[in-house]
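Let me begin by presenting the structure, written as C-alpha cells, before commenting on it.
Quick note: the coordinates plus some simple rules give every number you see, no bench work behind them. On a predicted model such as this, the values are computed, not experimentally measured, just so you know. Methodologically, a virtual Cβ is constructed for each residue, glycine included, from the backbone with ideal geometry; neighbour enumeration extends over all protein chains shown.
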Amino acid sequence: VELLQRFHQAEVPQISIIDMKDERKKRRVRQHYYSDLLLKELIQTKERGKQAIIFQNRRGYSPYLECEECGWVPGCVNCDVKLTYHKTFNKLVCHYCGYSISIPGKCKECKMPALKIKGIGTERIEDELPMFVPGLRMARMDLDTTRTKNKIEKLFESIENKEIDVLVGTQMVTKGLDFENIELIGIIDADTMLNFPDFRSNERSFQLFTQVSGRAGRRNHQGLVMIQTSQPKHPVLMFLLQNDYKGFVQWQLEERKKFNYPPFVRIVKIELKNKDLSQVREISKKLAFELRKIKSMEVLGPQAPIIGKIQNYYIMELWLKLNRNNDALKQRDEVYATIHRFFSVPELRYFKWSADVDPM
C-alpha cells in the first residue's frame, strides 16, 4: 500500500537543511545546538500566533557528564552505558535498569572538580530555548513527562488551547498528533540518527523525519521543517528534501542487495546472556561453530552489541542470514533444532538465549 499524498490534499511542508558546521564557523549558533536560523523562525512563528514542535530523540537533560581533565565518564554499574543527567531531580540515571546516583562533586579518576555536561536531551532544550526566545511557553513530551493518561490529555489540551508555543519531545511527538496550529518543526540533531551503526539506520531516519515533518501544516497552510545537521548532503536528507520516497526506496534496495541484507535475505538474531563474560563468549563461539554446519545460510559473529551489558548480564549476538530461495520453514526448523540440541546438555540448560526472526 502506498500513501503518496497527504490527507485532504494538504501541502507538503517546506524543508530547510541547516549546515551546522558552516553555522558554527560563522558563529551563528547558540549554546552549540541552536542555530540563529532556527531561533529566528521560532520568534516569527510565535509572533504569528502559531506553534512549533522541536524534536530531539533523547530524553533527559544531557546524555552524559565528562571530566574535562582526564575524560572520565560516569557509567552504570549494572549496564554498559553512560548515565544520563536529569536536571529535574538532579541525578545521573541509567535508562536501562533504573540505577541512579547523585551528581559527583569531582572526578572519580583524577579527583578534579571538572565534570561538564555533554550532549543535549529534551529536558535541556525545554530549559534553554526561552533564554533565546523571550516569553516562550514550553512543554515537553517524553517518557518522563507522560507516564499517565491524565498527563497526556492535559498536555494535548494545552496545545489545543494554544497555552504553549513550543512542544519539545522525543519520538513520541512524531506519531498521531494532529494540531492545525502547528506550523514549524525543528529537528535539533539529525546526525545522531543518521550515524547510528545499523543497516536500517537510513530507513529509520527517513521514516522518522517524514513522520515528524507531517506534524506541520496539517490543514490549509504549508508548514516548515528545519533540520540541523553536520551532513547537509547526506542521501537521506537529499531524498527528504525532494520528497522522493520512491527514489529513497530504490537507493536502499540497491544498497541492501549489494551487501546481502533484507529483503533479499531473512535475518535471525540469536542473543546469548550470562553474568560471566568469559562463559558467554566461549558458548557463543561454540554455538556459531554448530550453526555454520547448516550450509544454506551465513553466520555473522559472535559479537557484542552496542550495549554489551544490561542488568549485570553480558550479551553476545549471532546474526544469521537465511537465503530466501530456500524453504524458509525448513531453514527455521533446522536452526531451532540445532540451538535446542546445543543447549540441551545439563551444563547449558539454564543458559539464557533468545531468537528474533526479522528483528526490527
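Rounded to the nearest 20, the size of the Cβ-charge dipole of the stretch 63-118 about its Cα centre is 200 debye, with Lys and Arg at +1 and Asp and Glu at -1. Taking a straight Cα-Cα cut-off under 16 Å and skipping sequence neighbours fewer than 8 places away in the same chain, the lysines within cross-link reach of LYS273 are LYS285, LYS286, LYS309, LYS352.
Sorted on the mean count of surrounding Cβ atoms within 10 Å across their residues, most packed first, peptides 342-348, 14-20 read 14-20, 342-348. Pairs exceeding 21 Å between alpha-carbon atoms, taken from LYS25/LYS233; LYS275/LYS321; LYS258/LYS330; LYS269/LYS330: LYS275/LYS321; LYS258/LYS330.
Spatial offset of the stretch 122-160 relative to the stretch 204-256 amounts to 25 Å, using the alpha carbon center of each. Computed 3J(HN,Hα) for the stretch 268-273, one whole-Hz value per residue from the Karplus formula 6.51 cos²θ - 1.76 cosθ + 1.60 where θ = phi - 60°, is 10, 9, 9, 10, 10, 10, glycine and proline marked x.
Using R0 = 41 Å, the C-beta based FRET efficiency linking ALA355 and THR192 works out to 0.90.
Taken as Cα centroids, the stretch 170-190 and the stretch 10-68 sit 13 Å apart, rounded to the nearest whole angstrom.
Within the chain, the cysteines lacking any other cysteine Cβ closer than 4.7 Å to their own Cβ are CYS97. Dipole magnitude for the chain: about 640 debye, using +1 per Lys or Arg Cβ and -1 per Asp or Glu Cβ, origin at the Cα centre.
The sum of -39500 (n - 2.57) across all DSSP H runs of n ≥ 4, divided by the residue count of the chain, sets its helix-only mean residue ellipticity at 222 nm to -9000 deg cm²/dmol. Helix check for the chain. Which DSSP H runs span at least 20 Å along their own axis by Cα, with a mean Kyte-Doolittle hydropathy no less than -1.0? Those that clear 20 Å and a mean of -1.0 are 277-291, 328-342. Relative contact order for the stretch 43-191: what percent, with Cα pairs under 8 Å and sequence separation of 6 or more? Contact order relative to length: 34 percent. Each label was represented as a point 7 Å from its Cα along the Cα-to-Cβ direction; for LYS330 and GLN14 these points are 5.9 nm apart. Express in whole angstrom the spacing between the alpha-carbon centres of the stretch 337-360 and the stretch 285-311. Cα centroid of the stretch 337-360 versus Cα centroid of the stretch 285-311: 11 Å apart. A P(r) calculated from all alpha carbon pairs of the stretch 265-357, with 5 Å bins opening at zero, reads 3, 14, 26, 25, 17, 10, 4, 1, 0 percent.
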